[in-house]
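Colleague: Shown below is the structure under consideration.
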Amino acid sequence: MNPIDLEKTLRDTLAKFNSETGTIHKLHEPTQLLRLLAQAGLPPQLLDMVSIIPVGKGIAGECAQKNRPVTICNLQTDTSGVAKPGAKQTGVGGAVCVPIRHGDKIIGTFGIGTAREYNYPAAEINALQDIANSLAAQIG
């Protein structure tokens with residue numbers, strides 16, 4: 001899938017979930033680094049910060065490491081230590097990141113966020129996971 005198609009999928013997803021920011025990362029297994037394939041809504045000064053994310057670091061990195069969704073109700077006030085320190089610059093409140101899997105193997109992450117404080121309910125996380133699953137064949 002080319003980056004323009006990924007960005008369209010991302011923008012369509014953001015509209016569906018009433019969210020403003022999103023990222024799609026692909027896992028480079030040998031280095032255990034997530035590489036940004038597409039993004040929407042992130043300030044330009046943050047692109048360097050999210051272009052390559054080590055597995056286990058930040059929201060996407062933790063999602064990849066644990067192979068499960070990671071959610072934060074309000075990134076601006078979160079003290080869990082999951083989000084990278086610079087993540088607050090995004091202006092995101094609620095955030096969720098789900099793994100992109102090819103079979104049982106994690107191949108990337110799909111994250112969205114909104115400016116408001118928001119706890120993504122299970123139904124929305126499951127719907128986002130379905131979208132992520134549909135991307136697997138195209139990015140894997």
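Colleague: For segment 91-117, what are the residues that are assigned to a strand (DSSP E or B) and polar (S, T, N, Q)?
Modeller: THR109
Colleague: Pick from segment 17-66 the residues that are assigned to a strand (DSSP E or B) and β-branched (Val, Ile, Thr): which of them is surrounded by the fewest Cβ atoms within 10 Å (Cβ to Cβ)? Please lay out each step first, then the result.
Modeller: Step one: of segment 17-66, the residues assigned to a strand (DSSP E or B) are 21-28, 33-40, 52-54.
So of that shortlist, the ones also β-branched (Val, Ile, Thr) come out as 21, 23-24, 52-53.
Values: THR21: 22, THR23: 26, ILE24: 27, ILE52: 13, ILE53: 24.
Only one residue tops the list, namely ILE52.
Colleague: So, one more: I need a count of the residues in segment 39-83 that are touching an Asp or Glu at 6+ places or on another chain (Cβ under 9 Å), at pLDDT below 80 and among the polar types (S, T, N, Q).
Modeller: Residues that pass the stated criteria total 3.
Colleague: Would you be able to tell me the number of residues in segment 37-62 that are touching a Cys at 6+ places or on another chain (Cβ under 8 Å) and under 13 Å from LYS26 (Cβ atoms)?
Modeller: 1
Colleague: Another question about this same structure. All but one of (1) out of contact with any helix residue (DSSP H, G or I) (no Cβ under 9 Å at 6 or more places or on another chain); (2) loosely packed, with under 14 Cβ neighbours inside 10 Å; (3) assigned to a helix (DSSP H, G or I) hold for GLN129, so report the exception by its number.
Modeller: Checking GLN129 against (1) out of contact with any helix residue (DSSP H, G or I) (no Cβ under 9 Å at 6 or more places or on another chain); (2) loosely packed, with under 14 Cβ neighbours inside 10 Å; (3) assigned to a helix (DSSP H, G or I), the one that fails is (2).
The values are calculated or read from the model by the stated rules, or taken from the named source; none is laboratory data. Since the structure is predicted, the reported quantities are computational estimates derived from the model, not experimental observations. Please note: Cβ atoms are built from the backbone with ideal geometry, for glycine as well, and neighbour counts cover all protein chains shown.
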